[in-house]
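To keep things clear, I will list the structure first and then write my remarks on it.
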Amino acid sequence: MSRLAETIAGWLGRVEVVLAGVDGYLHEGEEALAKGDPMRARAAAKAILIRVPHSPIGLALLADACEAARLDAELALTLEELAGRVASRGEIWVRLGRARERVGSPAEETRDAFLRALAVAEPGSEARREALLWLADLDLSHGDGARAELWLERLADRKHKDVALRRAEARLLQNDIEGTRAALDGIEIDPTDGRAALLRGRALAMSGDVAAFTLLLRAMVLEVPGATEALSSALAWLPTDETTRAKIRTVVEGRGEQDLARWKAAFARAEGRRDEARAALVTAVRAGDRSAARPLLDSALEDQDHASLVVALATLRVPAPGDAHAKQADEPVVRDARRLPSPARLKDAGEAAAILDELALVETTRARAWADTARSTALAGWIPTSGAPGDWTSILTRLDRHARALHALESTAKVAELAVERSRPVRVAIVGEFNAGKSTFINAVMGADVAPTGVLPTTATLHHLRYAPDPFARIQYYDGEVKERIVPSTELRAALGSSDTGNVKRVEILMPIASLTRVEILDTPGFNAPDQRHTDAARSAFEEADAAIWLLDAGQPLKQSERRILEEAKTAKLPVQILVNKADRLEADDLAKVMSTVGESLDETGLRSWSVPIALSARLALQGKLGDPEALAKSNWADVQRLLDEQIIGRSDELKERGLRRRAGRVVAELLERAREQAGDERASIEAARTRAQDLALRAAKLEREAEEAAQVIAGAIGGPAADWKRDLDVVVTGRDAAQAEADPVLTRYRIDRAITRLAQPLARVLASVAGGADTPGATEHDLGPMVRAVVRTFAAAGGRADSLVPLTRSAISSLVEHLLELSSSTPERGRAEGRVAELEAIAAALA
């Protein structure tokens with residue numbers, strides 16, 4: 001490293017010290033430094049500054065002496081004064097940045113020094129290279145791998161080991177293990193290179209490879225900063241055997257670190273003593289050991305222990321000034337940890353919505369498991385795991401919010417329908433094959449002839465029976481000008497008889513029958529109906545109903561076609577009660593065999609009846625309800641009525657809750673599919689933006705490296721407009737005194753205006769082409785216009801000439817480089833799409 005005094009003397013010359021008669025002190029100081037006597041050199045520098053106060057050479061010699069003597073505070077003060085005197089030398093700003101870092105100045109002040117160095121350093125100079133490496137190191141130390149890469153891209157020697165190692169670290173900070181390995185591949189690394197060993201070890205540890213221990217141990221032996229933290233973390237989270245732990249213990253004891261809380265906790269955790277590990281870290285943090293806060297945070301997240309988390313976050317929330325661990329307070333995992341709710345807050349049902357909103361923002365892998373647990377706990381307040389009635393107002397409000405955010409209009413309507421359904425009675429679908437006696441059964445339930453019976457095709461559609469103070473019917477059609485028709489109940493048969501029965505979609509029958517206030521009935525078409533639309537209508541009853549009563553024909557029970565449909569009901573998790581109809585057609589022995597066969601068939605297929613299957617005769621039951629007590633006795637209706645009263649109506653709240661959960665689950669499934677698509681689009685957008693940002697950074701770096709050549713080319717490209725500008729000026733200054741014209745403010749304004757008019761647009765067009773043209777958002781001709789006009793204005797105001805455009809194009813290139821780097825640093829943040837997917841998955845699981 002060259003001495004600053006030599007550099008400044010070579011640049012300014014030694015005239016100042018010669019004229020002041022202090023050149024002897026300068027020689028003495030330089031000789032003292034060469035002999036390793038910095039204090040004598042310091043005295044010589046002081047002697048120069050006494051005779052020539054604020055002398056740049058004297059300050060530079062003093063800085064060299066202080067640096068050699070490790071007088072960091074005095075070095076920093078000296079360089080501050082020197083930078084104020086000689087602000088155009090990059091070497092001075094680099095040294096000042098290093099000095100500020102050593103004395104613990106605020107990170108932004110240190111960064112500012114290196115940024116100033118970068119602004120004034122010559123292209124390709126050592127000062128520029130060192131400033132870029134230091135800026136990258138500052139970002140790496142603060143966990144910002146993405147920004148560190150932007151500085152590294154601007155270096156010409158990108159394959160040099162110093163650059164490659166930093167690039168690997170930047171990739172590692174972004175959890176890109178493959179990128180880390182790619183950056184390290186092909187680099188010959190000295191076994192004594194501790195930084196490289198640490199990087200390789202951390203990459204292996206992140207991928208769960210126990211080979212990390214060998215490299216991390218080497219880094220620790222070489223006393224690389226960060227090695228202790230990396231090795232103790234690997235010990236805590238990777239599987240180890242006793243031999244490995246013994247090796248680590250030997251190194252730790254050799255370093256005298258065995259009493260550090262970090263190591264006590266790591267060994268305890270490695271040996272399965274998790275509670276002890278956390279306790280050791282808590283004790284250390286409370287005793288003022290800030291370095292134990294991050295390991296405690298990791299342990300708390302892994303064990304989902306909120307008490308430990310509170311202790312860790314209390315330390316990380318307010319970092320001490322100059323604290324080396326201050327960067328941790330802004331790490332994504334720390335931000336996510338702050339979003340995790342306390343157990344007390346999770347118990348407050350009124351907090352559930354706010355908790356879910358916060359958990360939707362959690363993005364780091366380490367915090368996600370706890371977030372998932374907390375999300376499930378919060379939802380359990382709305383959707384009890386016991387099956388008890390849920391808080392449907394909160395559930396549906398949440399689903400409506402998601403549906404609107406996803407612009408899912410159909411799902412929004414379905415959520416509104418669920419809200420209406422909460423107030424209706426339990427809804428039971430009467431299901432079975434065509435001509436199984438479903439309508440007759442319904443009439444028996446109602447005690448009146450309300451459902452169409454017989455084998456007319458009109459029974460091949462869905463009939464919905466529900467309560468109304470006045471009797472009427474509503475007929476809905478698939479096609480035609482008339483989609484719906486309302487008729488008096490007494491005219492329903494005639495209306496259906498005059499309709500194209502194949503076009504009838506649904507019939508609602510509203511009757512002032514008391515039993516309909518307790519249960520609604522869906523009379524479904526037979527699943528073996530001739531029209532596929534009617535079969536589909538029967539299946540739709542599975543979605544609408546809270547429970548189903550399946551009527552089997554005693555003469556041919558549980559045919560293969562019926563088993564297939566029952567499987568669908570099972571898949572839909574719809575409670576099904578099996579009834580065997582037309583029992584009056586069989587003798588007692590035959591009926592007993594049929595019931596036994598039905599039970600065995602249900603067992604074989606894994607299907608369950610809501611209650612024990614019952615045999616009946618719906619025909620005799622209806623006759624009995626209409627006034628034939630003997631027929632009612634023979635129908636076995638008493639068992640059916642008891643079943644309806646106890647197992648259907650008596651458990652209506654349970655059945656309605658299950659039905660609401662099923663239907664809500666279907667809405668959630670639709671929303672989840674849409675949310676996953678949105679999340680995929682968001683990930684693709686972010687990845688595309690990152691790729692675009694990297695491309696912009698590469699273009700900026702390339703342009704900066706080739707700036708001089710590019711300035712010449714661009715100057716040639718705008719030669720025509722520059723000639724036009726010159727002609728504009730020649731017209732108004734011809735015949736006038738050149739000095740007077742140069743000083744005339746009106747002509748100066750004219751010169752600037754004509755320069756902007758002639759040069760700005762062509763220059764912006766060329767620069768946009770260099771930046772990538774219309775394919776580069778933010779760097780089109782229109783986008784670059786304001787920047788280019790400012791550059792042209794400054795050039796013209798400073799007396800720039802049309803026949804010397806390189807200063808203009810050089811300045812324009814410098815501005816374009818900064819603009820591209822600024823664009824490359826602004827990548828889109830993750831939205832709520834992933835969080836919405838996680839929440840909808842949790843809701844789906846709770847509803848299931």
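Peptide packing for 622-632, 786-796, 541-551 was compared via the average number of neighbouring C-beta atoms within 10 Å per residue; ordered from the highest value, the list is 541-551, 786-796, 622-632. Convex hull volume of the C-alpha atoms in the chain, normalised per residue: 262 Å³. For segment 208-278, the solvent-accessible area works out to 49 Å² per residue, with a probe of 1.4 Å and every protein chain left in place.
Remark: relative contact order (segment 728-848) = 20 percent; criterion is Cα-Cα distance under 8 angstrom and separation of 6 or more residues.
Full extension of the chain between Phe472 and Asn503 gives 9.1 nm of extra length, using 0.36 nm per residue less the Cα-Cα distance.
Tell me, how many Å apart are the Cα centres for segment 178-195 and for segment 256-297? Here the answer is 31 Å between Cα centres. Each of Ile8, Gly24, Gly36 was placed along the dipole of segment 5-49 (beta-carbon charges, centred on the mean Cα), and the one lying farthest toward the positive end is Gly36. Using C-alpha pairs under 8 Å with a sequence gap of at least 6, the mean separation divided by the residue count of segment 377-507 gives a relative contact order of 15 percent. The dipole here belongs to segment 602-675: it is taken about the Cα centre, uses +1 on the Cβ of Lys and Arg and -1 on the Cβ of Asp and Glu, and is about 320 debye.
Charge dipole of segment 65-193 (Cα centre as origin; +1 on each Lys and Arg Cβ, -1 on each Asp and Glu Cβ, all else neutral): 260 debye, rounded to the nearest 20. Only helical runs count toward this figure. For the chain, summing -39,500 (n - 2.57) over DSSP H runs of n ≥ 4 and dividing by all residues gives -19500 deg cm²/dmol at 222 nm. Mark the label point 7 Å from the Cα of Glu670 along Cα→Cβ and return the residues of segment 384-405 whose backbone N is within less than 20 Å of it. Hits in segment 384-405 for Glu670 at 20 Å: 392-405. Taking 0.36 nm per residue of separation and subtracting the current Cα-Cα distance, fully stretching the chain between Asp803 and Glu6 would add 283.1 nm. Estimated from the Cβ-Cβ distance and a Förster radius of 25 angstrom, the FRET efficiency linking Met206 and Glu253 is about 0.40.
Dipole check for the chain: with +1 at the C-beta of Lys and Arg, -1 at the C-beta of Asp and Glu, and the Cα centre as origin, the magnitude is about 600 Debye. Compared with the direct C-alpha span, the chain from Thr734 to Glu417 gains 105.7 nm at full extension, assuming 0.36 nm per residue.
Starting from the Cα of Val221, move 7 Å in the Cα-to-Cβ direction to define the label point; list residues of segment 242-273 whose amide nitrogen is under 14 Å from there. Within reach of a label on Val221: 247-255. At q = 0.19 Å⁻¹, what base-10 log of I(q)/I(0) does the Debye formula yield for segment 775-839 when every alpha carbon is treated as an equal point scatterer in vacuo? Here the Debye-derived log intensity ratios amount to -0.79. Compute the label zone of Ala592 within segment 601-631: residues whose backbone N is under 13 Å from the point 7 Å along Cα-to-Cβ. The answer is none, because no backbone nitrogen lies closer than 13 Å to the label point.
For the pair segment 210-233 and segment 354-408, the centres of their Cα atoms are 41 angstrom apart.
The Cα center of segment 59-96 and the Cα center of segment 556-589 differ in position by 93 Å.
Using the alpha-carbon atoms, what tilt in degrees (0 to 90, nearest 10) does helix 781-797 show relative to the longest principal axis of the chain? Between the helix axis and the principal axis of the chain, the angle is about 20 degrees. Across the chain, the mean sequence separation of Cα contacts (distance under 8 Å, 6 or more residues apart), normalised by length, yields a relative contact order of 8 percent. Placing dummy labels 7 Å off each Cα toward the beta-carbon, the span from Met39 to Arg102 is 1.7 nm. In this simple spin-label model, placing a label point 7 Å from the Cα along the Cα-to-Cβ direction at both Thr364 and Ala20 gives a separation of 5.3 nm. Relative to the globular-protein estimate of 2.2 N^0.38 Å, the Cα radius of gyration of segment 181-292 stands at 1.08. Report, in degrees rounded to the nearest 10, the 0 to 90 angle that the Cα long axis of helix 38-51 makes with the longest principal axis of the chain. Value to nearest ten degrees: 70.
Rounded to the nearest 10 degrees, the inclination of helix 806-824 to the longest alpha-carbon principal axis of the chain is 30 degrees. Placing pseudo-labels 7 Å out from each Cα toward the beta carbon at Asp628 and Val487 gives an inter-label distance of 2.8 nm.
The values are calculated or read from the model by the stated rules, or taken from the named source; none is laboratory data. Remember, predicted model here, so these are calculated numbers, not experimental data. When we count neighbours, we look across all protein chains shown, and the Cβ atoms used for this are built from the backbone with ideal geometry, even at glycine. Note: accessible area is taken over every heavy atom of the protein model, side chains too, but ligands, DNA and RNA are not part of it. Shrake-Rupley method; radii C 1.70, N 1.55, O 1.52, S 1.80 Å.
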